[in-house]
Amino acid sequence: MPSPDLKTIIIMGVSGSGKSVVGRLLAAKLDATFEDGDDFHPPANKAKMSAGTPLNDDDRWPWYAVLRQRIEDMRHVTPIYILACSALKPIYREKLRAHDADQTLRFVLLDGSRELISSRMAARKGHFMPLSLLESQLATLEPTPDLIRVPIDGTPQEIVADIVQKLA
């Protein structure tokens, strides 16, 4: 099990990497609360992405401010808060981390091949993020050494077990 100092886990990666599925399963395993960062996007951001237009940083900053406030608010509600959020660039992760120490907030990168992720995106129905934006997301992703990298070629349960082991 994770350290008692751990309060927030950000499940990150490109669209289609499994953030929501893995986040929900991890929350059930750790008796934590899970939320999807996509649920906090304003309608204008969702409309832009639905139209196949990538967000720019001006679109993202207010959203990241809302997510950071949510992280802080959830510290009074649940022992561990798990948030799914792409967090593709280090500057985005800094916005989410704010003043938190590494042992308090951890980033878990769901890492998979372009082919695997595109096949998953093509198979899902009703999501606002079109497959056409995968390339821009992959180009934006900037992994850093602090990330816990987890391959996504296993089952969701195997991925969760890998995360739990790496957080221990």
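The values are calculated or read from the model by the stated rules, or taken from the named source; none is laboratory data. If you're wondering where the values come from, they're calculated on a predicted model, not measured in any experiment. Neighbour counts run over all protein chains shown; Cβ positions are idealised from the backbone, glycine included.
Can you find, within the stretch 23-35, the residue that is surrounded by the most Cβ atoms within 10 Å (Cβ to Cβ) among those that are assigned to a helix (DSSP H, G or I) and more than 10 Å from the chain's Cα centre (by Cα)? Looking at residues that are assigned to a helix (DSSP H, G or I) and more than 10 Å from the chain's Cα centre (by Cα), I get Leu26.
For every residue, the table says whether it meets (1) among the β-branched types (Val, Ile, Thr); (2) touching a Ser or Thr at 6+ places or on another chain (Cβ under 7 Å); (3) farther than 19 Å from Gln157 by Cα.
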position	(1), (2), (3)
Val14	yes, yes, yes
Ala28	no, no, no
Pro42	no, no, yes
Asp59	no, no, yes
Tyr64	no, no, yes
Phe107	no, no, no
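Evaluation of Asp102 against the conditions (1) in a loop (DSSP other than H, G, I, E, B); (2) of a type in the set (D, E, K, R); (3) under 28 Å from Arg114 (Cβ atoms) shows that the sole unmet condition is (3).
When the stretch 77-93 is filtered for residues that are at pLDDT 95 or above and closer than 26 Å to Asp31 by Cα, the ones remaining, listed by number, are Val77, Thr78, Pro79, Ile80, Tyr81, Ile82, Leu83, Ala84, Cys85, Ala87, Arg93.
I'd like the residue in the stretch 75-104 that is crowded, with 19+ Cβ neighbours inside 10 Å and of a type in the set (A, V, I, L, M) and, out of all such residues, is farthest from Ala168 (Cα to Cα). I'd like the intermediate steps shown before the answer.
First, pick out the residues of the stretch 75-104 that are crowded, with 19+ Cβ neighbours inside 10 Å: 80-88, 92-93, 96-97.
Then keep just the ones that are of a type in the set (A, V, I, L, M); that gives 80, 82-84, 87-88, 96.
Numbers: Ile80: 14, Ile82: 16, Leu83: 19, Ala84: 20, Ala87: 23, Leu88: 24, Leu96: 22 Å.
Here the residue is Leu88.
Scanning the stretch 1-22 for residues that are of a type outside the set (S, T, N, Q), more than 17 Å from Thr104 (Cα to Cα) and buried (at least 19 other Cβ atoms within 10 Å of the Cβ) yields Gly13, Val14, Gly16, Gly18, Lys19, Val22. When Lys46 is tested against (1) in contact (Cβ under 8 Å) with a residue 40 or more places away in the chain; (2) of a type outside the set (Val, Ile, Thr); (3) closer than 24 Å to Ile148 by Cβ, only condition (3) is not met.
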